[in-house]
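The values are calculated or read from the model by the stated rules, or taken from the named source; none is laboratory data. Quantities reported herein were computed from a predicted structural model and do not represent experimental measurements. Cβ coordinates were reconstructed from backbone atoms using ideal geometry, including for glycine residues, and neighbour counts include every protein chain displayed.
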Amino acid sequence: MRRFLSALAIPLALAVAAALAPAWAPAWAQAATQAPEKRVALVIGNAAYKEAPLRNPANDARLMAATLKNLGFEVIERTDATRAGMGAALGEFTRRLQPGSVALFYYAGHGIQSRGRNYLIPVDAAPQYESDLRFQAVDVGALTEELDQAQARVSLVVLDACRNNPFEKRMRGAARGLAAVDAARGGLIAYATAPGSVASDGEGANGTYTEELVKALGVPGLKAEEVFKRVTAAVEERTKGQQTPWISSSLRGDFVFNAPQGAAGAAPPPAAGQGPGDREALFWQSAQASNRVEEYREYLKQFPQGTFAGLARARIAGLEAQAKAQAQAQAQAPAKPPQIAAAPARPVAPVIEPIDREYRARESARVREGPDVGARVVGTLQEGEAVQVLGKLKDQNWYQVERPGTAPGFVAAALLEEAASYKKRKAEEEAQQRALAPPPAAAPAPPPRVSLNLEGLYRATGTNPNGTSYSGTCTVTRSGDTYQFYWQVGSTYRGSGRFEGDELVIHWGEAYPVIYTVADDGRLIGTWSNGRATEVLVKMR
């Protein structure tokens, strides 16, 4: 944002203040030398889906919008948005951004990954084929490109969108959760759970992730990365490790959501025009942040029929029961002798619980310099590659690994599996694939496969790597000893290949080909995705 001042006094004073500011000053204090930055947020919560409606996203969006307004953001808020509504909101959002401003996009609702890209689902979307996502959903990659074009100083994307895919049975190659995407320079992408995993919609008025994010945003002085690390720890504790939030950060400087009140560099005042709903949400946010019985009772006094009234009463009952149990335990405990105050503890390195066993990579995995998704990448493990695991960080989902000729690094625990377990799982998968093949027939040797007439229209049925099924048709043509395959199974796919021995190997643009054997009854029985998926073609004509 460019501002031209007619006088020199203000810029000169700011320059002197910047020169005198100590290098160790916190980020919110250093911000005193800068003009107030423009903060713009787009908040979308989609819940009213015809297929697989959700409970909490609309509530989550209202709570986040009120929180961000209180932190000085101009907020564009939408709930249960259609594709056209989401497009219009995104257009308004990017038009408000100016070079050097802070941009935040928050989304709660259904999200789908397809071929490595993430899509956010409007409430009116009804994709029949995987290719429909490009026209009926919002591509997260296109959104981040727009933020980069806007030249925002800080761009933050928060995706509470890792619910189960309601359309996965219609799509070949459907995958769980969202794909891991690195943030662009100067940006941060926060996911409600780890890539490839799914998060529950929650049982209360708000989802677990958003509820903990609002609490963290209420803590003054935290940098952006510190906010999301605090959220990760809180969500893992509340879900007993079932949900692990994930971030990808390429921020080039410090950004503080909530500077201490009265300190220079504090966030701009809340945007004007807040209605009664905003007032209730802010009151509830304050009660949540304190988690005290007195503030929950004050909320009920102000809003006896409020949106969060039931949750407030439940919190009061839980806190009072907890306090009663603690009082009884203290009354029964023997008195302790006076303790001499110990010296303040020095910071210690993370505790690593030793393992020292061979593991295998479940999929392609990055080795990082430190136990953090923002740490520098020092190597990559391919699927099935062996690596020595030295240990696991206590209370964190990271393994310390060692590869020959390199320094120890860190890999996310979800991406590795013990070698014995990995080999057993692979053997079971291969046995299942062998069971699908017909038993060998004691018949004369078949003629060379290249002479077989395989051309025609086939009915195709198969199973994706994640266990979901698909069906459609496949047309087979031949030119010389090369076969061309044209699948129509949800989306359109093409491939070509030749016989290699008794196996027909068809390459179709993915990492692994489809490998068919020809059964005696003319069926083509195949495997793909390195043996993790199957397909059977039955000739129709």
Conditions (1) aliphatic (A, V, I, L, M); (2) touching a strand residue (DSSP E or B) at 6+ places or on another chain (Cβ under 9 Å); (3) part of a helix (DSSP H, G or I); number of the one not met by Ile247
(3)
Can you name the residue in segment 331-361 that is exposed (fewer than 10 other Cβ atoms within 10 Å of the Cβ) and modelled with pLDDT of 75 or more and is also nearest to Thr380 (Cα to Cα) among such residues?
Asp356
In segment 81-115, what residues are modelled with pLDDT under 90 and of a type in the set (Gly, Ala, Ser)?
Gly100, Gly111, Ser114
Which residue pairs have Cβ atoms under 6 Å apart, sit 6 or more places apart or on different chains, and have a first residue in segment 210-237 that is farther than 19 Å from Phe255 by Cβ and of a type in the set (Gly, Ala, Ser) and a second that is at pLDDT 90 or above and assigned to a helix (DSSP H, G or I)?
Ala234/Glu212
From the residues in segment 389-418 that are at pLDDT 90 or above and over 19 Å from Pro350 (Cβ atoms), which one is nearest to the chain's Cα centre (by Cα)?
Glu417
Take Glu535 and decide whether it is loosely packed, with under 15 Cβ neighbours inside 10 Å, on the phi < 0 side of the Ramachandran plot and modelled with pLDDT of 90 or more.
no
Condition test on Asp278, is it within 19 Å of Gly72 (Cβ to Cβ), modelled with pLDDT of 85 or more and among the acidic types (Asp, Glu)?
no
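With segment 41-120 as the region, which strands (runs of 3 or more DSSP E) entirely inside it contain at least 3 residues that are in contact (Cβ under 8 Å) with a residue 12 or more places away in the chain and in contact with a Gly (Cβ under 7 Å, 6 or more places away or on another chain)? Explain how you work it out, then say what you get.
On the way: elements: 74-79, 102-108, 111-114, 117-120.
Answer list for segment 41-120: 117-120.
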Hey, any hits in segment 125-138 for a residue that's closer than 24 Å to Ser250 by Cα, without any contact (Cβ under 8 Å) to a residue 24 or more places away in the chain and surrounded by fewer than 24 Cβ atoms within 10 Å (Cβ to Cβ)?
no
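I'm trying to understand the selection: among the residues of segment 138-152, which are in a loop (DSSP other than H, G, I, E, B) and either modelled with pLDDT of 90 or more or assigned by TED's automatic domain parsing to the domain that holds Tyr493 (or both)?
Selection gives nothing.
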Need at least 2 residues that are β-branched (Val, Ile, Thr) per element, so show me which strands (runs of 3 or more DSSP E) inside segment 449-541 make the cut, counting only ones lying wholly within it.
456-463, 469-479, 482-489, 503-507, 514-518, 524-528, 533-539
Here is a check on your reading of the model: is Asp80 crowded, with 21+ Cβ neighbours inside 10 Å and in contact with a helix residue (DSSP H, G or I) (Cβ under 9 Å, 6 or more places away or on another chain)?
no
Of the numbered conditions (1) at pLDDT below 75; (2) surrounded by 10 or more Cβ atoms within 10 Å (Cβ to Cβ); (3) not acidic (Asp, Glu), Arg368 fails exactly one; give the number of that condition.
(1)
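Report, by residue number, each residue of segment 518-528 that is surrounded by fewer than 16 Cβ atoms within 10 Å (Cβ to Cβ) and either in contact with a Phe, Trp or Tyr (Cβ under 9 Å, 6 or more places away or on another chain) or closer than 15 Å to Val476 by Cα (or both). Can you show your working first?
Going residue by residue through segment 518-528, those that are surrounded by fewer than 16 Cβ atoms within 10 Å (Cβ to Cβ) are 519-522.
Scanning segment 518-528 gives a single hit, Gly522.
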Quick one: is Ala216 part of a loop (DSSP other than H, G, I, E, B) and at negative phi?
no
Looking only at segment 480-492, count every residue that is modelled with pLDDT of 90 or more and hydroxyl-bearing (Ser, Thr, Tyr) and tell me the total.
3
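Out of curiosity, is Gly467 under 27 Å from Leu133 (Cα atoms), out of contact with any helix residue (DSSP H, G or I) (no Cβ under 6 Å at 6 or more places or on another chain), loosely packed, with under 15 Cβ neighbours inside 10 Å and of a type outside the set (S, T, N, Q)? Can you show your working first?
Details: under 27 Å from Leu133 (Cα atoms): yes; out of contact with any helix residue (DSSP H, G or I) (no Cβ under 6 Å at 6 or more places or on another chain): yes; loosely packed, with under 15 Cβ neighbours inside 10 Å: yes; of a type outside the set (S, T, N, Q): yes.
Here the answer is yes, as Gly467 does meet what is asked.
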Looking only at segment 371-388, and only at residues there that are over 20 Å from the mean Cα position of the chain (by Cα) and either basic (Lys, Arg) or assigned to a loop (DSSP other than H, G, I, E, B) (or both), the one that is surrounded by the fewest Cβ atoms within 10 Å (Cβ to Cβ):
Gln382
